[in-house]
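Worksheet: the structure to be examined is printed underneath.
The values are calculated or read from the model by the stated rules, or taken from the named source; none is laboratory data. Not measured: the values here are computed from a predicted model. All Cβ positions, glycine included, derive from the backbone under ideal geometry; neighbour counts span all protein chains shown.
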Amino acid sequence: MRRLLLFVMMLLTLAVPALVAQNLTLPMKNGSIKFAVIGDTGTGDKHQLAVAKQLTATRAKFPFEFVIMVGDNLYGGNSPKDYDQKFAIPYKPLLDNDIKFYAALGNHDDPSERFYKPFNMNGERYHTFKPADGVRFFALDSTYMDEKQVKWFEEQLMASGSEWKIAFFHHPPYSSGETHGSDETLRTQLEPLFVKYGVNVVLTGHEHFYERIKPQKGIAYFITGSSAKLREGNISTTQLTAKGFDAGYTFMLAEIAGDDMYYQALTDEGKTVDSGTVHRVGKVEPTPNRSAQPVVATSGKDAAKPTTPRANPK
């Protein structure tokens, strides 16, 4: 039965149409750190397959080295069948090419997923990894943010010694979503550490759309929660949004080169909905209410306009 499922899913994957992105804005510099970001992926349906296929096709032009998963990796169960249908099969071409996936847990994930080897969580609910000198990622479990995890996070930040510090987890501290909005409790727990220890970028999901938040206290925030699920028209009008897109399924590409992180958000059809850079100002003395390593957002040219927020979403 499992072999039959694998065969059927592979046929479905091949059947999903893809339009390879032709206008990548990323510089693709030698020696840069290249990665992708996906969120709220674990449905196993045609939308996940379409994003997965576009992600795979895009890698032919932008050779990212790993993929960040910001939670809700498996909806509705975590049996061997679920791991196959909602992860192993959609991303098989990438896994076969030794592309690593680094997962954070979402509110729909079972904590036991941390033992699934391809998620590279090393059996821990929160973890960290360093893809290159000067860059370190911190995966947190925002569903169960207890005192022990906060203490661990502070100790890791303090000892990291990295110029680029990037946190990724599920619930967004800042969001214009009408369904959830900003998680202010989580913000109270984490933002002081972001500011004190110079976190540059925060990657989250949970909201089923794409949103780039205006830098808050010198920190860049991105929401990429529409890699398999979508809430059309769910971005409300707030002062937080630098760019929002809630009319299609998305993933994000990013490249760190020196003091700049270039980003590009794409749809499952390969259309660009946002692009630009965040510039790390450098090592400066901490100041009140501002990151010790602030960033300056620089928007690039958008190949597709974002959704105009509506007062009454569907």
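Key figures
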read-out: Some residue of region 55-72 being farther than 27 Å from THR25 by Cα and under 20 Å from the mean Cα position of the chain (by Cα); value: yes
read-out: Whichever residue in region 288-314 is at pLDDT 80 or above, buried (at least 16 other Cβ atoms within 10 Å of the Cβ) and in a loop (DSSP other than H, G, I, E, B) and, among such residues, is farthest from the chain's Cα centre (by Cα); value: ALA292
read-out: Residues of region 180-199 classified as out of contact with any strand residue (DSSP E or B) (no Cβ under 9 Å at 6 or more places or on another chain) and touching a residue at least 60 places away in the same chain (Cβ under 8 Å), total; value: 1
read-out: Which numbered condition TYR116 fails, given (1) surrounded by 22 or more Cβ atoms within 10 Å (Cβ to Cβ); (2) of a type in the set (Ser, Thr, Tyr); (3) in contact with a helix residue (DSSP H, G or I) (Cβ under 7 Å, 6 or more places away or on another chain); value: (1)
read-out: For GLU285: the one exception among (1) in a strand (DSSP E or B); (2) surrounded by fewer than 18 Cβ atoms within 10 Å (Cβ to Cβ); value: (1)
read-out: Count of residues meeting criterion [at pLDDT 95 or above and either over 14 Å from the mean Cα position of the chain (by Cα) or farther than 27 Å from VAL281 by Cα (or both)] in region 160-172; value: 2
read-out: Filtered residues of region 120-161 (kept if surrounded by fewer than 17 Cβ atoms within 10 Å (Cβ to Cβ), of a type in the set (A, V, I, L, M, F, W, C), more than 18 Å from ALA254 (Cβ to Cβ) and in contact (Cβ under 8 Å) with a residue 40 or more places away in the chain); value: VAL150
read-out: Any strands (runs of 3 or more DSSP E) falling wholly within region 226-269 and containing at least 1 residues that are of a type in the set (A, V, I, L, M), out of contact with any helix residue (DSSP H, G or I) (no Cβ under 8 Å at 6 or more places or on another chain) and surrounded by fewer than 22 Cβ atoms within 10 Å (Cβ to Cβ); value: 241-245, 250-257
read-out: Hits in region 270-282 - residues which are buried (at least 19 other Cβ atoms within 10 Å of the Cβ) and more than 29 Å from LEU49 (Cβ to Cβ); value: THR277, VAL278, ARG280
read-out: Boolean, ASP98 is charged (D, E, K, R), under 21 Å from GLY225 (Cβ atoms) and surrounded by fewer than 17 Cβ atoms within 10 Å (Cβ to Cβ); value: no
read-out: Every residue from region 158-194 that is closer than 29 Å to SER227 by Cα and in a helix (DSSP H, G or I); value: GLU184, THR185, LEU186, ARG187, THR188, GLN189, LEU190, GLU191, LEU193, PHE194
read-out: Hits in region 186-207 (condition: more than 14 Å from ALA167 (Cα to Cα) and buried (at least 24 other Cβ atoms within 10 Å of the Cβ)); value: HIS206, GLU207
